[in-house]
Amino acid sequence: MIQYYLVFMSKKSFFRCFGTWFVEHYTCKGSRIIEPPGFPPKENHKQTMNMNPKNQKNPSGKVNILRKCALGMSSATLLIAGTLLIAGNRSQASPNTTTPTHTNTTVDPTEKSAAVTVYEEMNLCDAGLDQHVFEMALKGFEKLRNEGRTGSDSVLAIVDFTKPSRQKRLFVIDLKAKKLAYHTYVSHGKNSGLEYATRFSNKPSSHMSSLGFYVTRKTYQGSNGYSLQLDGCEKGVNDKALSRAIVMHAAAYASEQIANGRGYIGRSFGCPAVPAPLHRPIIDKLKDGNVLFIYYPDQKYLENSTLLKG
């Protein structure tokens, strides 16, 4: 309060001097009233000149009245200005808490989650993998591991269907070695979309991709060559993957040449097909109890997935 009073008094002195100066220089000069051109009107002026001196009003009275008016206006101005100055100082000292501000998302290094630490150590951002997607994938992976449904290799593969098929959207991560083992193209089902996968199904013969978590099983030699079985872990989402023969296999249409040539790679009957030159090492890295997570921001899936809750 003392601070506000001193500020107010200093400003008050300034405006008081200003008011006095204004009255002295613009309202009157000695005892003579400074009037604007054309005031008073000529007819009134003549009447004033012809009036009996006894009936004329004292000019000094006019000066006093104008001085009082001017001083009154100066005082009112001073009061308003002082109020505004105090309000301004208070607003600077105590900002309005209702003003919306950006939330500080900076994370204290000592408070980082294990997922964020791994994400940063592996520079997965540079590879184009979204941190939030990785955190979800790791959360589901850990739940499956705690339930005893995974092997001991700790390999996590992520397919990010928010990206178009012309981009590399398969990330094969070795969590033990803290290394991005493979980063390449991967196809989606022909009825899930053209360039982007936006529709998903668990139904047989839908020729669509299915979202969610899978645990890899054994390899086999099928009509698409060396292939990897995928066991869907989420009921109603992808649990019919084995009966639908949804597997990882090689595909000539999942190549960089085709992606660059027409803007998207070929599509499958729902399988995550990978480039032929990389299919064997990728399958060997993932086989026997590792985890595949296929992601898309489908609200219904995200709200109901038991592996992402809690």
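The values are calculated or read from the model by the stated rules, or taken from the named source; none is laboratory data. From a predicted model like this one, the values you see are computed outputs, not experimental measurements. FYI the Cβ positions are ideal-geometry reconstructions off the backbone, even for glycines, and counts take in every protein chain you see.
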Checklist entry - Given the conditions (1) out of contact with any strand residue (DSSP E or B) (no Cβ under 6 Å at 6 or more places or on another chain); (2) closer than 17 Å to PHE213 by Cα, which single one is not true for VAL172? => result (1)
Checklist entry - Is it the case that some residue within region 181-193 is modelled with pLDDT of 95 or more and over 35 Å from the mean Cα position of the chain (by Cα)? => result no
Checklist entry - Failed condition for THR198, given (1) under 22 Å from LYS143 (Cα atoms); (2) under 36 Å from the mean Cα position of the chain (by Cα), with all others met? => result (1)
Checklist entry - Within region 274-291, can one find any residue that is under 22 Å from GLY193 (Cβ atoms), in the same structural domain as ASP130 (by TED's automatic domain parsing) and touching a Gly at 6+ places or on another chain (Cβ under 9 Å)? => result no
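Yes or no, residue by residue, for (1) modelled with pLDDT under 95; (2) within 18 Å of the chain's Cα centre (by Cα); (3) surrounded by 10 or more Cβ atoms within 10 Å (Cβ to Cβ):
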| residue | (1), (2), (3) |
| --- | --- |
| THR98 | yes, no, no |
| ASN104 | yes, yes, no |
| GLU111 | yes, no, no |
| TYR119 | no, no, yes |
| GLY128 | no, yes, yes |
Item to check | Unique match (being among the aromatic types (Phe, Trp, Tyr) and more than 33 Å from the chain's Cα centre (by Cα)) among PHE293, PHE269 | outcome: PHE269
Next on the checklist: Between TYR296, TYR264, which is farther than 23 Å from ARG149 by Cβ and either touching a strand residue (DSSP E or B) at 6+ places or on another chain (Cβ under 7 Å) or touching a residue at least 24 places away in the same chain (Cβ under 8 Å) (or both)?
Outcome noted: TYR264
Checklist entry - For region 191-205, what are the residues that are buried (at least 16 other Cβ atoms within 10 Å of the Cβ) and under 18 Å from VAL247 (Cα atoms)? => result ASN191, SER192, ALA197, PHE200, SER201, ASN202
Checklist outcome for this item: Out of (1) without any contact (Cβ under 8 Å) to a residue 12 or more places away in the chain; (2) part of a helix (DSSP H, G or I), the one ALA177 does not meet is (2)
